[in-house]
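Remarks on the structure that follows.
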Amino acid sequence: MTDAVPLKLFNSLTRQLETFQPVHPGEARVYTCGPTVYNYPHIGNMRAYVFADVLGRTLSYKGYKLTHIINITDVGHLTDDADAGEDKMEKMAAEKAQSIWDIARHYTEAYWADVKALNIRQPAKWSIATDYIDEMIAFAKSIEAKHCYRLASGLYFDVSTVADYGRLARAVTEDGEARIDEVEGKRHPQDFAIWRTTPPGETRQMEWDSPWGKGAPGWHLECSVMGGKLLGFPFDIHTGGIDHREIHHPNEIAQNQAFCCTNGLDVAENSGARIWMHNNFLVERSGKMSKSAGEFLRLQLLIDKGYHPLAYRLMCLQAHYRSELEFSWEGLQAALTRLKRMVMAVERLRNAPSGGAVDHPKFAPALEKFDAAVSDDLNTAIALTALEDALATKKVDDGSKRAVIAHMDAVLGLGLFDLTREGLRIRPKSAQINEAEIEDALARRKAARAEKDFATSDAIRDELAAKGVEVMDGDPLGWEWKL
Ligand code: AMP
Ligand code: ZN
């Protein structure tokens, strides 16, 4: 039933919807460009991993055996995506006067905490870039003679040695090139370093011996190497944020072509992965995504303000991954309210017998809608409404409903059966009162009302309001108070 409709995915390489056809029958191998662990991820970064997670869950739902790799970039990503600037990790380590390894560990753990809070499934492997330096050197050596040249600053890839360079980006000549800083001696503006030799007299915290001198790998090289090594060329799907469509992924593709000794991109396999997928950005109306009114928009900030992290996941699911999504606190609040409604409806099913029938005929329309939606390039916005249709279906046994909701939630990943209304109510960090005190005040208020002592009852209400607690008489979602 789950593969009733073939899965169609938008391939950035062809700019077309394509029916997913696995390289290895019954399997799906996916590589996702992971974070550069020099700072906390902002919630825009996390949108990229929610998208990759939904893709992985959809492939599992469609019956494919999934192998998903997400890398951790702990070396090589420069402050400019092209070849300019410093290594982001080295720069942060210098600023903080800390060891680069400590910085990498700290921010990797912070990223993993966000992954967990957003119900992003664990990949088959988190591949850490610095664990693959030998393989990177071997890869670079194997393509050096035909595709690279040396400059004092390192080993450079000559983009004219592969056919169709930059096809993925399309606009590379307008947008991309303008962003590329000149390095003296480069043959073409788009040529990029695959090994960055440490300048004489300098030392880097992270550097390794290589045939091109002591130095560090280029960022693009690491993803080519880890993707090829862990999934085998060609693999099925490569994902990342839309910014990677312009420089990072065209450069990965060029290296993959060189390594696989294949050429033109008219044959999809030649790029190393059959399908390249990109999520659009989360944007912030008032300026730079990572900052909102001076605050760094990371998941912990949302939690500190009293929003459950899965409200943010739901916010992501409400938009198509290829559309820009504008972040707003009102939007997040609306997503939280919607999540609360779902959780209330699901709470009633919690004690229903498990093992109910997913194929109960009453659920057929919702299940068909759901399957058609996720099969249509992961249309989670419609899939969510199918889940709500199923929740609203009347005159069906709770066991079947429970099974249908679980079946859909396996793709959406909201974890509805693990959530409770109380659990969704997170105490804002700024709150000056705790749950017990609130419950106590509400009990006193109830007693006063029972005695028709409205003056006391109103006074308690005002007292609570002063501490940021809104008393919610007759709330349709059954909450008595909210911070
Ligand atoms: P980075 O750590 O800079 O390599 O970014 C991690 C991931 O987040 C990459 O896939 C980026 O393309 C993606 N990304 C960066 N900014 C945003 C944003 N505002 N919205 C969605 N994805 C983003
Ligand atoms: Zn990458």
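State the percentage of accessible surface on region 220-282 attributable to carbon and sulfur atoms; use a 1.4 Å probe and exclude ligands, DNA and RNA. Show your work: numbers first, answer last.
Working: 830 of 1520 Å².
C and S fraction of accessible area: 54 percent.
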Inset, instruction - Enter the accessible area per residue of region 355-483 (Å², integer; probe 1.4 Å; all protein chains in place). - result: 50 Å²
Legend entry - Degrees between helix 454-466 axis and first principal axis of the chain (Cα, 0 to 90, nearest 10): 10 degrees
Inset, instruction - Please find the FRET efficiency linking Thr14 to Lys146, where r is the Cβ-Cβ separation and R0 is fixed at 30 Å, and quote it to the nearest 0.05. - result: 0.65
Inset, instruction - Grab the other residues whose beta carbon is less than 15 angstrom from that of Glu330, score K and R as +1, D and E as -1, and report the net. - result: +1
Legend entry - Acute angle (nearest 10 degrees) that the helix 435-450 long axis makes with the longest principal axis of the chain, alpha-carbon atoms: 30 degrees
Legend entry - For the chain, calculated [θ]222 nm from helices alone, where every DSSP H run of n ≥ 4 adds -39500 (n - 2.57): -13000 deg cm²/dmol
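Taking the Cβ of Val50 as the centre, find all other residues whose Cβ is under 14 Å away and add up their charges (Lys, Arg: +1; Asp, Glu: -1). Don't jump to the answer; show the numbers that get you there.
On the way: positive: Arg47, Arg57, Lys116, Arg121, Arg313, Arg322; negative: Asp53, Asp114.
Around Val50, the surrounding residues sum to +4.
By its C-alpha gyration tensor, with a ≥ b ≥ c as the square roots of the eigenvalues, how is region 8-279 shaped: rounded for a/c under 1.5, else prolate for a/b larger than b/c, else oblate?
Values: a/c = 1.72, a/b = 1.17, b/c = 1.46.
Because a/c hits 1.5 or more and a/b fails to exceed b/c, region 8-279 counts as oblate.
Magnitude of the Cβ-charge dipole of the chain, K/R +1 and D/E -1, about the Cα centre, nearest 20 debye?
Numbers: 58 positive and 70 negative charges, 257 e Å.
I would put it at about 1240 debye.
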Legend entry - Enclosed volume per residue, in Å³, of the convex hull spanned by Cα atoms of region 1-95: 127 Å³
Inset, instruction - Report the convex hull volume per residue for region 404-473, counting only C-alpha atoms, in Å³. - result: 117 Å³
Legend entry - Nearest 10 degrees, 0 to 90: helix 133-147 Cα axis against the chain principal axis: 50 degrees
Inset, instruction - Taking all protein chains together and a probe of 1.4 Å, list Ile72, Ile303 from the most accessible to the least accessible. - result: Ile303, Ile72
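Would region 291-423 count as rounded, prolate or oblate if I go by the C-alpha gyration tensor, calling it rounded below 1.5 in a/c and otherwise prolate when a/b exceeds b/c, oblate otherwise?
Values: a/c = 2.91, a/b = 1.63, b/c = 1.79.
Oblate.
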Inset, instruction - With r as the distance between the Cβ atoms of Gln432 and Glu95 and R0 = 35 Å, compute the FRET efficiency 1/(1 + (r/R0)^6) and round to 0.05. - result: 0.50
Inset, instruction - Considering the options Trp112, Val37, Val23, tell which one lies farthest towards the positive end of the dipole of region 8-279, charges being +1 on Lys and Arg and -1 on Asp and Glu at the Cβ, about the Cα centre. - result: Val23
Inset, instruction - Give me the distance in nm between label points sitting 7 Å out from Cα along the Cα-to-Cβ direction at Ala410 and His106, one decimal. - result: 4.1 nm
Legend entry - Net charge over other residues, Cβ less than 12 angstrom from the Cβ of Ser457 (K, R count +1; D, E count -1): 0
Inset, instruction - Rounded, prolate or oblate: pick one for the chain, where a ≥ b ≥ c are the square roots of the eigenvalues of its C-alpha gyration tensor, a/c under 1.5 means rounded, and failing that, prolate if a/b is larger than b/c, else oblate. - result: oblate
Inset, instruction - Pull up the DSSP beta bridges for the chain and report the antiparallel fraction as a percent, rounded to 5. - result: 50 percent
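The values are calculated or read from the model by the stated rules, or taken from the named source; none is laboratory data. Just so we're clear, the structure is a prediction, and the values are computed from it rather than from any experiment. Here Cβ is always computed from backbone atoms with ideal geometry, including for glycine, and neighbour counts include all displayed protein chains. The area values use the complete protein model at the heavy-atom level, side chains included, leaving out ligands, DNA and RNA. Shrake-Rupley method; radii C 1.70, N 1.55, O 1.52, S 1.80 Å.
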